[in-house]
Amino acid sequence: MFAALTYLDMFAIAWFALCYFGYGWAVQLGPLKDREGLVAAIQRRRVQWMLAAARRDVRIMDSQLLMNLSSGNAFFASTTVLVLGALTAMLGAADNVKHRLEQLPYVGDVPLVVWEFKILFLMALVIRAFFKFAWAFRLTHYLGTMLGSMPPWEASTAVQCERHAAKTAQLAGITATHSNDGLRTIYFAIAGLGWFLHSIVFIIGCGWVLAIVYRREYASRALMAIKEDEAE
């Protein structure tokens, strides 16, 4: 299979790995680790949210917000399962799909084994996204348990409530991290669709997705809106 790949295909795979894994490394351990982005800004809002929830006698609104988060992760997890089924069916009819797509302009004629490798590549990304969303969905259940076990706010238990709220906000941040990783994987899987047209399309798509992810994280209007009160 790998012997049938061209040098351009190998470069496309290496470029994808650099964009996908390199961005994750840069955010967690690299030069972007200490730079404030959307994740860090919204995490402070989560801490504020949990501290406010700790002071509320009735936390119905907070429970509703957690239900919305849980349903969103469940939706994406179920969607990845459907996409995985479609890719499995596509793998079974790879010869037919390959023949039809190669009738389009600029679509190169590649060996069937390379075509099947591209499908398996997308399946691997979708499977990774599924596990990310499924774990985020599970964590929202734990998050609801943490919220439900939060002690009532009283003068004698204020310190305990603040510590519990901080732990709950930390768990909410971990949940969001897995959900964000799943979404980023889906973004790059969409760029991988361009590989069926040409390796150059795949390369351009990875760079395009990387630019979008970076802009939304560090230069978006959403970040400015979340940080607005802090700047004041």
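The numbers here are math on the coordinates, done by the rules we state, and not lab data. Since we're looking at a predicted model, the values are computed, not measured. Neighbour counts are summed over all protein chains in view; Cβ atoms, including those assigned to glycine, are modelled from backbone coordinates with ideal geometry.
Laid out as a table, the results:
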item	result
For the chain, size of Cβ-based charge dipole, Lys and Arg +1, Asp and Glu -1, in debye	320
Helix 112-148 axis, angle to the chain major axis (alpha carbon atoms, nearest 10°)	10
Within straight-line cross-link reach of residue 118, lysines at Cα separation under 19 Å, skipping those fewer than 8 residues along the same chain	98
Selection from 133, 199, 169, by position along the positive dipole direction of segment 127-201 (Cβ)	199
Helix-only CD estimate at 222 nm, as mean residue ellipticity for the chain, using -39500 (n - 2.57) per DSSP H run (n ≥ 4)	-27500 deg cm²/dmol
Residue order, fewest to most surrounding Cβ atoms within 10 angstrom, among 130, 121	121, 130
Rounded tilt (10° steps) of 7-28 against the dominant C-alpha axis of the chain	10
Sites residue 33 and residue 167 - FRET efficiency at Förster radius 25 Å, r taken between beta-carbons, to 0.05	0.65
Whichever lysines have a C-alpha closer than 26 Å to that of residue 227, once near sequence neighbours (fewer than 8 apart) are set aside	33, 167
Sequence of 186, 127 once ranked by neighbouring C-beta atoms within 10 Å, starting from the fewest	127, 186
Packing-based exposure ordering (other Cβ within 10 Å, fewest first) of 187, 214, 20, 142	142, 214, 187, 20
Simple label model, 7 Å out from Cα along Cβ direction - residue 101 to residue 204, nm	1.7
Cα centroid separation, segment 144-187 to segment 54-100 (Å)	22
Degrees separating the helix 221-231 axis from the principal Cα axis of the chain, which is the longest one	30
